[in-house]
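A.B. asks: Please read through the structure below; I'll follow up with questions.
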Amino acid sequence: MMWKRWAWLVLACGVILAASTLLLAGDLSVAISPNLDLAREEGFHLLAGHPPLTVDFSARVEESTGTVACEWDFDGDGRADSTSLDPLPFVYSTPGVYEATVRVRDAGEQEATASQRIVVIGPPDLPGWRFGLVAHLNRSYGLYRIDADAERAAELIRDLGVDVVRLDLAWSAIQPARAVYLWKDFDDVIDLAERHGFDLMPIIGFSTEWATTAENPADLADWFFAPPTVEEYAWFAYRAASRYTGRLRAWEIWSEPNAGLYWRPEPDPVQYTELLKNAYLAIKYADPSAVVVLGGLANDESLYQPEYAWVPPDAFLQAVYDQGGKPYFDVVSRHPYTHPNEGARALSARLRSFRLVMEINGDTDKPIWLTEIGYAATPDAGVTEARQSEWLIACLNAAKQMDFVTLAFWYNLRDTGLDASNWEQNLGLIAHDWSIEPDYIAYQAFIREHEP
């Protein structure tokens, strides 16, 4: 039996020697910078942008056994662009998605490869939506908490005939903690919309308890404060756009950032533009075909709500341009609520004034979407349900006269409460008890009348 012991010892020594050889030689590896981890910390401008886009690549090699030979192919054309681990910056001149690749080989003939995706942003592919609606279908919003109610709402939306529904993608509901993502609720809403044949356009908003500049982050209202860094918001936008690539076509960045109610403690166009730029690049990196919509700008309501700070929409839009925001949105959006007694002429005047800001800044290739428009049926304020219905048609006809307004979202599907004197509770096309109101019938008829 002695020979078996010697055989075992020789085998064991061989294994030990082999393991020692692997530990000494190591496995050659290479990593590229910039990469997704760096973009998360410093911004997606490192990986995405409009042409000409300059990217400053470098490669880090580990576990080599000596001098390293290196070859870069920055644009995937099969030709070597550099043989340096720290090459000169490369300029991408044509829109597209590129795979930058580096291959290294060391003196021990080990080889390793790494790749990094780069997105050079091209012109937007705008969806052909014509009619929209705001409907808070998410369970977290509270109006359609049970599946049967959500299904019922979706059937009404389908029968209405709109192309797209605008709703919140609530950061606080999806990511209640830094390492926690709860997508199921929104997954279910997308499934619901797809079953019933309409698209969704989410608003990415607002901040969340673990990522807000509010003093009392546990207070829901304080989530309207900006996040502590624009990179945190952009990373969430990237995660959302990555998850829903091919299922969601457009994303709105915040809502009413010119109103102190929704950007606290007061509107800050400089801060908002930085948020917009970072989110735009993050979304385009995730899904180059996605459309990015400027957060819908509200009227200046400082006369009626002096407790909040306001920046007039025209002035806010100009400030976005002044901060270099022009390349970082594909659509301008506006919330031009106007009392029916003011008439369609007042509505048109507001929109033409807003369009003038775009003309002054050479930005007339972009459309304006009315991401909220409507008026509450509150008889105390002189607006009956019949008047609300007439106003809906007047608004849509006024928008049709302005070729730069290509889409309107009526606000909203269902009344949120039962108080007939409460403005916020009476904006729906259907009553809180699900009964059909005249404006639903009017909108449905208008859509059918204008079918292509």
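A.B. asks: I'd like to check something: does the stretch 436-450 contain any residue that is in contact with a helix residue (DSSP H, G or I) (Cβ under 8 Å, 6 or more places away or on another chain), closer than 30 Å to residue 330 by Cβ and among the hydroxyl-bearing types (Ser, Thr, Tyr)?
C.D. replies: For the stretch 436-450, residues in contact with a helix residue (DSSP H, G or I) (Cβ under 8 Å, 6 or more places away or on another chain), closer than 30 Å to residue 330 by Cβ and among the hydroxyl-bearing types (Ser, Thr, Tyr): present.
A.B. asks: I'm trying to understand the selection: among the residues of the stretch 272-304, which are of a type in the set (Asp, Glu) and touching a Phe, Trp or Tyr at 6+ places or on another chain (Cβ under 7 Å)?
C.D. replies: Across the stretch 272-304, the qualifying residues are 300, 301.
A.B. asks: Quick one: would you say residue 399 is in a helix (DSSP H, G or I), surrounded by 20 or more Cβ atoms within 10 Å (Cβ to Cβ), in contact with a strand residue (DSSP E or B) (Cβ under 6 Å, 6 or more places away or on another chain) and not acidic (Asp, Glu)?
C.D. replies: Against the criterion (in a helix (DSSP H, G or I), surrounded by 20 or more Cβ atoms within 10 Å (Cβ to Cβ), in contact with a strand residue (DSSP E or B) (Cβ under 6 Å, 6 or more places away or on another chain) and not acidic (Asp, Glu)), residue 399 qualifies.
A.B. asks: Next question, about the same structure. Looking at the stretch 410-433, which of its residues are within 14 Å of residue 159 (Cα to Cα) and either at pLDDT below 95 or in contact with a Lys or Arg (Cβ under 7 Å, 6 or more places away or on another chain) (or both)?
C.D. replies: Hit for the stretch 410-433 is 430, nothing else.
A.B. asks: Same structure again: Name the residue, out of 68, 91, 97, 61, that is touching a residue at least 60 places away in the same chain (Cβ under 8 Å) and outside the structural domain of residue 289 (by TED's automatic domain parsing).
C.D. replies: Of the residues listed, the single one that is touching a residue at least 60 places away in the same chain (Cβ under 8 Å) and outside the structural domain of residue 289 (by TED's automatic domain parsing) is 97.
A.B. asks: Among what's in the stretch 296-353 and is of a type in the set (Ser, Thr, Tyr) and assigned to a helix (DSSP H, G or I), pick the residue that is farthest from the chain's Cα centre (by Cα).
C.D. replies: 348
A.B. asks: I would also like to ask the following. Consider residue 292 carefully, then state whether it is β-branched (Val, Ile, Thr), touching a Lys or Arg at 6+ places or on another chain (Cβ under 9 Å) and modelled with pLDDT of 95 or more.
C.D. replies: So residue 292 passes the test.
A.B. asks: Could you grab the pairs with beta carbons closer than 7 Å, sequence gap of 6+ or different chains, first residue in the stretch 375-392 and farther than 14 Å from residue 344 by Cβ, second one among the polar types (S, T, N, Q)?
C.D. replies: From the stretch 375-392, the pairs are 376/426; 377/384; 377/388; 377/426; 378/421; 378/426; 380/421; 382/341.
A.B. asks: Which ones in the stretch 159-206 are farther than 19 Å from residue 411 by Cα and part of a strand (DSSP E or B)?
C.D. replies: 177, 180 - these are the residues of the stretch 159-206 that are farther than 19 Å from residue 411 by Cα and part of a strand (DSSP E or B).
A.B. asks: Just the residues that are surrounded by fewer than 23 Cβ atoms within 10 Å (Cβ to Cβ) and either basic (Lys, Arg) or within 16 Å of residue 204 (Cα to Cα) (or both), please, taken from the stretch 255-270.
C.D. replies: Within the stretch 255-270, 262, 264 meet the criteria.
A.B. asks: For the stretch 140-154, check the following and say yes or no: at least one residue is β-branched (Val, Ile, Thr), surrounded by 14 or more Cβ atoms within 10 Å (Cβ to Cβ) and either in a loop (DSSP other than H, G, I, E, B) or on the phi < 0 side of the Ramachandran plot (or both).
C.D. replies: no
A.B. asks: Go through (1) buried (at least 17 other Cβ atoms within 10 Å of the Cβ); (2) in contact with a strand residue (DSSP E or B) (Cβ under 6 Å, 6 or more places away or on another chain); (3) more than 29 Å from residue 364 (Cβ to Cβ) for residue 133 and report which single condition fails.
C.D. replies: (3)
The values are calculated or read from the model by the stated rules, or taken from the named source; none is laboratory data. Here the structure is a predicted model, which is why all the values come from computation and not from measurement. Every residue, glycine as well, gets a Cβ built from its backbone with ideal geometry; the counts of neighbours run over all protein chains shown.
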